[in-house]
Each structure stands twice: as structure tokens, then as C-alpha cells.
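Take a look at the structure set out below.
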Amino acid sequence: MTSGTTTAAAAGTWQLGDLTVNRLGFGAMRLAQNGAAFSHDRTAHDRDRAIAVLRRAVDLGVNHIDTAAFYFSPMRSANELINRALGPYPDDLVIATKVGPGRGPSGDWLNWARPEDLRGQVEENLRQLGRDHLDVVNLRMNGPDPIADRFGALAELRKEGLIRHLGLSNVGADQIAEALPIAPVVCVQNRYGITGRHTDSDEVLRICGEQGIAFVPFYAIAGDGRESGAAAVESEAVAAVAHAHDATSAQVRLAWTLQRGPHVLAIPGTGNPGHLTENVAAAALRLTEDELRLLTELGRAAG
């Protein structure tokens, strides 16, 4: 498919609270290093290229960027790259960040943040991004533990004006239900792709739609392969659909993601300018009902 003039607006928009974003966004996880945040590959990306990718993303209509203070390598910080590339920020740019995981200065993973630690994590994101408030802060969980204490701590920071909107990451249906009486939830970020869906992923997708909550998949392109890439059996089926549309397999995975519902957003990340243009072009790709059914059933069979 052609990609030269397609912008992120082709995917349509969604509301994160009172903030309007194009449904095709950008994930900053890979800007600081080649591997994913929780991988062992922490080779730094080229700084100038990362800055160029961020600026090009905004030029292509991306106005929703997902990041975190714990996205860093020994030489790069995703937040500080965003600040350097895009500050002073466009009025319509929404930056969503995450708190919960802790990392030491050398990058070693520490214990998950306690409720009393979250203010420091929020303030670190503010400092790195050069903001006086954060548009969206997602509480990233690491299992089915209760979330009331941590989410409540973030709700207090929201009342203070440090945070505009709250979301959740890596959570199940029970945790969403626990959070909603505490404060509004504008988005849920879970691992979700053609393959790589948790047992209750489709239920969470449905609940978010019913509640007007954005569902924001991560690993939408890589699926089960995560940072190593999509599995071979998935790739064969996706490649056939891609061939029919003169598209790439990554574009098909993104199109499938966006067509899971009007409340579903996509945040593909890359440090490659060419891949960025291809990813944004997927905003205009429409799969047929038969293709959507085929790919959805492929994921269920793999699960």
C-alpha cells in the first residue's frame, strides 16, 4: 500500500478524557535502546535518528506518544529524547507515561513501587519531560495483586493537579473493576496482538468498550514473539493477507488491531524512519470481514 501521504488521522480519533488523540500513535520504548524495556538488549539507538523519528511522527499526525521514565539505556532516556525533540510541545500532543516498575541508575530492576514511592516516579517523569503536569499516567502492574492502594495514591496526585488523567497497564478485569470507584480510568494498556493475547484479553477489550475506556495494546506487531518478532505460523497467515493488500505484515497487524473496535488505539514503536512511515500508513488500511475473522481465529487457535 502507498504510504507517502497517509497521516495518523486516517485511523480516526478517540477521547482520553477531555483529550482527543488520533488512534494511531507512537510508542517510545525502543527509542532509548534496541531491545524492549524488559529485555537484556540495551544497545543505545542513535540519538539524532531517534530525535528525527519523533519529529517525523508528529509531522505525520501522531499526537499520542506513550513513554515511561524506566525506558532508558546507559546512554539514552526516552523521556529526555521526547523533551529534546518536541519541546515546547504542540498544544494537541498527548504524552502518556507509566509508573510502577523501579529501576536503579545502572538499569537494574528494583522492587515494584510502593504507594508512597509513586509521587517520586511521577515527579521524575515531570522533570524528564519538562512538564508541570502529566497528561496520562498509567499504573503498570506485575500480576493480579490488588491495586487500590497504588491507584489511590495516583488519584491523590491527580487531585493535586500533577496528573490530568489515569490509566492502567497489564491488568485484568477484576483490577479494572477495583480501580473504577477510586478514579476515572481513561485507558488500559495490555499485551494484545493477533497472537499473544492473555486468556481474558478479549473480555478486557469488551469491558473497555462498554465503559468508554481506550484499549491500548502493546506488542501488537510482535505478538507472541515480543521483542524477537512474530511467530512463524502467524507470519505465514499474515503475509498472505499482506500480499493481497500490497502491504507489509506489520501494517496488517496494526490494521487488525485498529479494527478490533473504535476504542482501540495503536502505539507501534520504532527507531527506524522508514518503519515509522509504514506504521503510520497502516492507519488507512482496511481489512475485509473474512480477513479479520481469519486472523482473529488464528490467534484463538494459537492461544
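For the subset of region 120-131 comprising residues that are in contact with a helix residue (DSSP H, G or I) (Cβ under 7 Å, 6 or more places away or on another chain) and of a type in the set (S, T, N, Q), which member is surrounded by the fewest Cβ atoms within 10 Å (Cβ to Cβ)?
Going through the qualifying residues, I end up with Gln128.
Could you list all residues from region 70-82 that are of a type in the set (Gly, Ala, Ser) and surrounded by fewer than 24 Cβ atoms within 10 Å (Cβ to Cβ)?
Ser73, Ser77
Filtering region 81-139 down to residues that are in a loop (DSSP other than H, G, I, E, B) and acidic (Asp, Glu), which residue is nearest to the chain's Cα centre (by Cα)?
Among those that are in a loop (DSSP other than H, G, I, E, B) and acidic (Asp, Glu), it is Asp92.
If a residue must be touching a residue at least 60 places away in the same chain (Cβ under 8 Å), touching a strand residue (DSSP E or B) at 6+ places or on another chain (Cβ under 9 Å) and in a loop (DSSP other than H, G, I, E, B), how many such residues does region 261-303 contain?
7
Looking at (1) in contact (Cβ under 8 Å) with a residue 40 or more places away in the chain; (2) buried (at least 21 other Cβ atoms within 10 Å of the Cβ), can you tell me which one Leu134 breaks?
Only one criterion is unmet by Leu134, namely (1).
Residues to consider are Asn142, Asn170; find the one that is at negative phi and surrounded by fewer than 23 Cβ atoms within 10 Å (Cβ to Cβ).
It is Asn142.
Restricting to region 176-202, name every residue that is modelled with pLDDT under 95 and either more than 14 Å from the chain's Cα centre (by Cα) or assigned to a helix (DSSP H, G or I) (or both).
The answer is Ile194, Thr195, Gly196, Arg197, His198, Thr199, Asp200, Ser201, Asp202.
When the residues of region 245-289 are narrowed to those that are surrounded by fewer than 19 Cβ atoms within 10 Å (Cβ to Cβ) and β-branched (Val, Ile, Thr), which ends up nearest to Gln15 (Cα to Cα)?
Per the criteria, the residue is Thr277.
Name the pairs: first residue in region 108-120 and over 20 Å from Leu157 (Cβ atoms) and modelled with pLDDT under 95, second residue of a type outside the set (Lys, Arg) and not in a helix (DSSP H, G or I), Cβ to Cβ under 9 Å, at least 6 apart or on different chains?
Matching pairs, first to second residue: Trp109/Phe38; Trp109/Phe70; Trp109/Pro101; Trp109/Gly102; Leu110/Pro101; Leu110/Gly102; Leu110/Gly104; Asn111/Gly102.
Applying the selection to region 153-175, what residues are assigned to a helix (DSSP H, G or I) and either more than 24 Å from Val94 (Cβ to Cβ) or touching a Phe, Trp or Tyr at 6+ places or on another chain (Cβ under 6 Å) (or both)?
Across region 153-175, the qualifying residues are Ala173, Asp174.
The values are calculated or read from the model by the stated rules, or taken from the named source; none is laboratory data. These numbers come from a predicted model, not from an experiment. Please note: Cβ atoms are built from the backbone with ideal geometry, for glycine as well, and neighbour counts cover all protein chains shown.
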